[in-house]
1. Quick check on A:M85: is it crowded, with 18+ Cβ neighbours inside 10 Å, free of Cβ contacts under 8 Å to residues at least 40 places away in the same chain and at the interface with chain B (Cβ under 8 Å from one of its Cβ atoms)?
2. Restricting to the stretch A:1096-1125, count the residues that are surrounded by fewer than 24 Cβ atoms within 10 Å (Cβ to Cβ), of a type in the set (A, V, I, L, M) and closer than 20 Å to A:K997 by Cβ.
3. Please work out which one of (1) surrounded by fewer than 22 Cβ atoms within 10 Å (Cβ to Cβ); (2) at the interface with another protein chain (Cβ under 8 Å from one of its Cβ atoms) is the condition B:L79 fails and give its number.
4. Within the stretch B:54-76, can you find the residues that are facing chain A (nearest Cβ under 8 Å) and free of Cβ contacts under 8 Å to residues at least 24 places away in the same chain?
5. Within the stretch A:263-296, can you find the residues that are over 19 Å from A:V219 (Cα atoms), without any contact (Cβ under 8 Å) to a residue 40 or more places away in the chain and open to solvent by 20 Å² or more (accessible area, probe 1.4 Å)?
6. Looking at this structure, is A:V312 touching a strand residue (DSSP E or B) at 6+ places or on another chain (Cβ under 6 Å) and either in contact (Cβ under 8 Å) with a residue 60 or more places away in the chain or within 14 Å of chain B (Cβ to nearest Cβ) (or both)?
7. Within the stretch A:177-224, how many residues turn out to be facing chain B (nearest Cβ under 9 Å) and among the acidic types (D, E)?
8. Applying the selection to the stretch A:297-329, what residues are in a loop (DSSP other than H, G, I, E, B) and open to solvent by 70 Å² or more (accessible area, probe 1.4 Å)?
Amino acid sequence: MSDIVERTLTALPGLFLQSQPGGGPAAAKTPFSSRLGGLVRGVTALSSKHEEEKLIQQELSSLKATVSAPTTTLKMMKECMVRLMYCEMLGYDASFGYIHAIKLAQQGNLLEKRVGYLAVSLFLHESHELLLLLVNTVVKDLQSTNLVEVCMALTIVSQIFPREMIPAVLPLIEDKLQHSKEIIRRKAVLALYKFHLIAPNQVQHIHIKFRKALCDRDVGVMAASLHIYLRMIKENSSGYKDLTGSFVTILKQVVGGKLPVDFNYHSVPAPWLQIQLLRILGLLGKDDQRTSELMYDVLDESLRRAELNHNVTYAILFECVHTVYSIYPKSELLEKAAKCIGKFVLSPKINLKYLGLKALTCVVQQDPSLALQHQMTIIECLDHPDPIIKRETLELLYRITNSQNVTVIVQKMLEYLHQSKEEYIIVNLVGKIAELAEKYAPDNVWFIQTMNAVFSVGGDVMHPDIPSNFLRLLAEGFDDEMEEQQLRLYAVQSYLSLLDMENVFYPQKFLQVMSWVLGEYSYLLDTEKPEDVIKRLYKLLMSDSISSETKAWLIAAVTKLTAQAQASDTVERVIQEFTVSLDTCIRQHTFELKHLRENVEVMKSLLPVNKSCEDMVVDASLSFLDGYVAEGLSQGAAPYKPHHQRQEEKLSQEKVLNFEPYGLSFSSSGFTGRQSPAGISLGSDISGNSAEAGLKETNSLKLEGVKKLWGKEGYLPQKESAAGDGAEAPPLPPEVSPSENIDQAAAKRTQAQVLAPSKEEKEKQLLASSLFVGLGSESTVSLLGKPDVISHKFRRKSKVKAAKSGEAASTHNLTCSSLNSLSHVAYEENDYLTALQDGEDTESKDLPLGPELSDSESLSELPLAEKVSDCSLSALSLFADSDMEIFQPPSSAAASLTRDIASASCFLEETAGDMCSGRMEVCSDETVSVSSYKLWKDDCLLMVWSVTSKSGSQLKGADLDIFPAQNFKISEQRGCCLPVMEAGSTKNFQYSLQMEKPFTEENLSGFVNYQMVDTHSVQLEFSVNLSLLDFIRPLKISTEDFGKLWLSFANDVKQNIKISEPQAALPSALKMLQQKLRLHVVDIQGNEGLLACRLLPSTSSLLHCRVHADGLALWFRSSCPALPDYLSYQCQKVMMVGPGI
Amino acid sequence: MAMQFMLLFSRQGKLRLQKWYVPLSDKEKKKITRELVQTVLARKPKMCSFLEWRDLKIVYKRYASLYFCCAIEDQDNELITLEIIHRYVELLDKYFGSVCELDIIFNFEKAYFILDEFLLGGEVQETSKKNVLKAIEQADLLQENRIRITARVSMGGLRKNLY
């Protein structure tokens, strides 16, 4: 009986009607195919893998001989290919036959060709070099008059084709779109789809032809074109909104049964087509009410029609539900879709139940009440024997977690975690648990225990952010200082008891976390001396199972503790042991420890207690090295050049286009070479997470009420929490008034549920109420009484919040910086300050535009500034105030100054709205003075030079020329030349400038030729400094556009800037960026600000800035690769100078 | 939407057909095959036909002694993938006439031809059963003597060995 069952396919009634044209006996087969038969039988008969290997190797060597023999006919070759495919399927290498497969496709008759193509498609992959040899064959076959050959060629192209050879076949395939046979058209469309996938820009020009395919009279061709549309709409839905109507019409026809019966599948009309269309509609209608309205009807009909109780109708329903929830909502449809989800969830069929859960997971955040409706089913699924159902349920629970149900949900997740072995699942789940624990932890004990479980199970596979975030949370603390100390203390105690257990091994990452925490917070213990902790660390250090990275962490911890301990033998032993370590890093750390120990005072000041979050002042300019550098230079050493400069020089030597024109910027901006942007950011990074600066009183701590909750068998969360509950308090009745105990009580109840199956139903309800607490209306969770909102335990300090995602300082830095920084500390503060001050001084000199720019800019951007009409005077007076040193009016200039004021105001009236800089003399001699100013027009930078005769006499034939500069596009604006003033004693020249290539600062030079009435012509040279900022304009966009642009830009630079008062930083920082860099403030949300600007003519750049504890995190994006770098440099410059200057 | 790969293997874990729609190294393919065959064979009959595996969804179904196993992306529709498998089995059945594992073992290249007419590059190419078979017949007609191993009588003994 089983024989028959095995032989026939169970689910196929009604398909056996067509009887077989009786298969002949095996003996009648051709000798070739019997070879495959023989091989198959031979392999099957073998009992061991070893024998199989022997047989196949034999077979392969005989095949190798056959395929390379010249006498082998193509017919034999075809047979050989089949056997080779078989050997490859069994996992043996048959690469010697690949070239013959290509040959067979090339030379064989139709049948041989077919096998040859098949072998190629199975053997080779897209980037295989042999594939190039196939191109010719494909081209030939595409041109064949035999339809079967054309089909084969199209089939292979749709499967694998070398990207770089697409142009060779593209025109041929395009032609096939007009072929009379629908099968050819269909395959051509699919080949183009393949091209679209691997090289989208190569088929861009034929998008219009896809539209033709969409309107093809053959359903198959139309359906094939939907693959392309789905993909293209996924990439850019807004470009295809006009097709919505067509898709809706097609779907209406399909649903209405207007297609040929051939396309029915179990009497459902074209289900694949329907699903494809539903997906397309979902993408088109997303966040678009108008487009969505077009499809409400057809969606409604689809939901209504899919009533047949067959898998395929459920597939369509599922897709419908998905679409209904992704488009602009319509309550009527949502209601129906929700009902559908109910059908899935409640179905006895496990596949449908799974999809029901999946659908719930998708929509639960939009509609949490749905989860409440099905809570009992969800509870059942939580203990389902099939792990995949459990997992999907956990995923669903993860989405509805809040502070009230977190304990139960995390416990369920941990249970699942302990059962699963697959790394992917572990990594995923551990990340989720850590996230939930940090967000919603009800108390310290629970949090530390949960994180212990995370670290022990997740161990070395988990995402590195998890330990990093955890340590940061501990270090930075949160609002309640008491709680914060308790948490740290509990962590220390829990780790000590973990380490006291014999024969338990923890993952390295966990040990690293432990050693950092013990090093930082052991001082909180009053029962144990630092010496005791050091002993434990020493024991770990001597263990074989510890990696050298962990050892470095451990030694760092020992070093910190040594500062608190009196003379300790253990430290002595550590030093003895590891100063001879082969690992240089460990050896270095040990030596540092050794030398620090010799000077207790220095050590204590270097390693103060509980200062891991204090800002570390780092001398970013490394000024303490100045003496050394000077000495080196005096001995003839070459001056240091920063990386980008070296690169630039190298590039210019190679006569390659220079894309990073930092060039002049640093020397002229007053920074020394070593103070490159990179250097600054490094400095601020270090300061963010290093430990040793300053001193502060520490709080004493309380130890009462803390229990050891750790058994001898290692960490067992269920057991422990049960034990903990039992020891601390009698079991709570379910009616207990809501408090922090709810979750513990609930957790307890879940355990009780396992223990007492007789009360199963009731228990499930209890579990449900604990799981779904906080969702939807209160009445549904009556079992627990009124749900109370438990405040988040670990509400981070506001300044800390920002730090979480940004400049993720690696945990390694935490220790290493604390050790590395030892060497810097001695030189710190005073030098740093002077360096900074120096920087400021030079800065203000070298940035003549700074102040004027800010004030004049404020007119356009800030409402609080003066009116435009006041601008001329205020701009000038400010300019005169602050830049006296630079702008020194010539001796006889008293008169001309007034003229200047007059003329400046005149210009301003003309160019109302545009900002202008103060006038600045660029060169002069006895008779004339040339001054210039910049007019920051909206579309260009307008430079105006005016040549003024000092004596007031007539200027004759004055001419001005600008030397061509590679980075600018310069055009003279003769047309709008300003009127000659003061009887020709002043002549103005205007040039509009565009930036060709971004730069930081660049000189523009030229000369003036003039002739006075009575003298010969004189030439005067001048130059002006132009900065990138002269070409930056605010980009006024909406927050939404910002978001879109942000995603579309690939060039990315992040930067941390340390600023003095982080609290009030954002407004002042934004103001400064707005004023000095001309960035447009798009939006401010909490401690984050969005800014946008464009570099003339039209390169936009976006800036996202966020204030955190240590300063300002800037994140630039732009379409231009170099721009973010430049902008970030400019930002640093203005930020370092500070608002006061 | 596209399928990532399709595997056919027997209850004993022997691979019968493999079609990869994403470029992977041979080593990777072997590893995936080994892991998946193991996982799927370990599943109990009443369990769900879907599996999460790495970042992919595996949809599998057993027909007699053969497991059909497809990998799709997470946002794809699992149920319709099951129907793809079913449609493929229907096509095989129609072509071979009540297909059995032996047909596929001895004529695996035919099974590939049918698959390639039905799915192309991981996407459903033709949903009409009639059209798929017509395309196959057309190509087959060129073959004078279609070789078919349906000699079930003579293979009665062999079958025992096969399983």
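The values are calculated or read from the model by the stated rules, or taken from the named source; none is laboratory data. Just so we're clear, the structure is a prediction, and the values are computed from it rather than from any experiment. Positions of Cβ are generated from backbone atoms using ideal geometry, with glycine treated the same way; all protein chains shown enter the neighbour counts. Just so you know, the surface numbers come from the protein's heavy atoms only, side chains and all, with ligands and any DNA or RNA stripped out. Shrake-Rupley method; radii C 1.70, N 1.55, O 1.52, S 1.80 Å.
1. Values: crowded, with 18+ Cβ neighbours inside 10 Å: yes; free of Cβ contacts under 8 Å to residues at least 40 places away in the same chain: yes; at the interface with chain B (Cβ under 8 Å from one of its Cβ atoms): yes.
Yes: the conditions hold for A:M85.
2. 2
3. Unmet condition: (1).
4. Applying the first criterion (facing chain A (nearest Cβ under 8 Å)) to the stretch B:54-76 yields B:54-55, B:63-65.
Those that are facing chain A (nearest Cβ under 8 Å) and free of Cβ contacts under 8 Å to residues at least 24 places away in the same chain: B:R54, B:D55.
5. Just the residues of the stretch A:263-296 that are over 19 Å from A:V219 (Cα atoms), to begin with: A:282-296.
Subset that is without any contact (Cβ under 8 Å) to a residue 40 or more places away in the chain: A:289-290, A:292-293, A:296.
If the condition is that a residue be over 19 Å from A:V219 (Cα atoms), without any contact (Cβ under 8 Å) to a residue 40 or more places away in the chain and open to solvent by 20 Å² or more (accessible area, probe 1.4 Å), then A:Q289, A:R290, A:E293, A:Y296 are the ones that fit.
6. On the way: touching a strand residue (DSSP E or B) at 6+ places or on another chain (Cβ under 6 Å): yes; either in contact (Cβ under 8 Å) with a residue 60 or more places away in the chain or within 14 Å of chain B (Cβ to nearest Cβ) (or both): yes.
It is true that A:V312 is touching a strand residue (DSSP E or B) at 6+ places or on another chain (Cβ under 6 Å) and either in contact (Cβ under 8 Å) with a residue 60 or more places away in the chain or within 14 Å of chain B (Cβ to nearest Cβ) (or both).
7. 1
8. Of the residues in the stretch A:297-329, the ones in a loop (DSSP other than H, G, I, E, B) are A:306-310, A:328-329.
Selection gives A:E307, A:L308, A:N309, A:Y328, A:P329.
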